[in-house]
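Here's the structure we're looking at; comments come further down.
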Amino acid sequence: MIRILLPLAFVAAIYLGPMFSVETRDSVRGEINSVVTGDYFIGNAVHCLQELKAPIGEECASDGEIQDSTSVGSALSWASVLAVAAAALGIVGLIPFIGRLTSIVTITAGLGGLGAMGFFLLTMMNTADGLAGVQWGAYLAAGAALLTTISGLSGMRGR
């Protein structure tokens, strides 16, 4: 059951959690810190999954940019799609024999999530805000990806 919930928690942490903050200049109030949620990166992919469409193509591509590149958004989108697929296969994996086979997909989803979050953090290091601009949602998503990997490894042992 945990192999179903943890990949979904990873996607929820990215989608709803604050990922980074940006200083914006307002003519009335001066400089303001605006917090950007993960919807900026994976919103289009989540909307395509909600409409039961494969998240492939231009309408499902990420619009989120860091340093004029959408590669971070694409990595986070593919990691979240892989996590949703692992959760869907985890439902089938409640059957005892198939459970060990779906653990491989859960491990892959967790490692993909860790890689995408690592890529996000490395990209944020090269911005003007640096790691100080990273918010708690990014760390929560990385922790959920790590726990997803651990639960997949535990499923390989038969638990």
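For Glu31, which of the numbered conditions (1) of a type in the set (D, E, K, R); (2) free of Cβ contacts under 8 Å to residues at least 12 places away in the same chain; (3) within 24 Å of Leu140 (Cα to Cα) fails to hold? With respect to (1) of a type in the set (D, E, K, R); (2) free of Cβ contacts under 8 Å to residues at least 12 places away in the same chain; (3) within 24 Å of Leu140 (Cα to Cα), Glu31 is out only on (3).
When every residue of the range 99-109 is checked against the conditions, at least one turns out to be of a type outside the set (D, E, K, R), in contact with a Gly (Cβ under 9 Å, 6 or more places away or on another chain), within 12 Å of Phe10 (Cβ to Cβ) and crowded, with 23+ Cβ neighbours inside 10 Å.
Does Gly73 satisfy being closer than 18 Å to Asp129 by Cβ and touching a Leu at 6+ places or on another chain (Cβ under 8 Å)? In short, no.
All of (1) free of Cβ contacts under 8 Å to residues at least 40 places away in the same chain; (2) over 21 Å from Ala12 (Cβ atoms) hold for Ser74 with one exception: (2). When the range 36-69 is limited to residues that are of a type in the set (Gly, Ala, Ser) and in a loop (DSSP other than H, G, I, E, B), the one that is surrounded by the most Cβ atoms within 10 Å (Cβ to Cβ) turns out to be Gly38. In this structure, does Ile4 turn out to be under 17 Å from Ser80 (Cα atoms) and modelled with pLDDT under 85? No, not satisfied. When we screen Gly112, Gly90, Gly137, Gly118 for residues that are closer than 21 Å to Leu76 by Cβ and in contact with a strand residue (DSSP E or B) (Cβ under 7 Å, 6 or more places away or on another chain), the only hit is Gly137. Annotation: Met19 fulfils all but one of (1) more than 20 Å from Asp129 (Cα to Cα); (2) of a type outside the set (S, T, N, Q); (3) at pLDDT 90 or above; the unmet one is (1). When Gly112 is tested against the conditions (1) without any contact (Cβ under 8 Å) to a residue 60 or more places away in the chain; (2) more than 15 Å from the chain's Cα centre (by Cα), the lone failure is (2).
The values are calculated or read from the model by the stated rules, or taken from the named source; none is laboratory data. On a predicted model such as this, the values are computed, not experimentally measured, just so you know. Neighbour counts run over all protein chains shown; Cβ positions are idealised from the backbone, glycine included.
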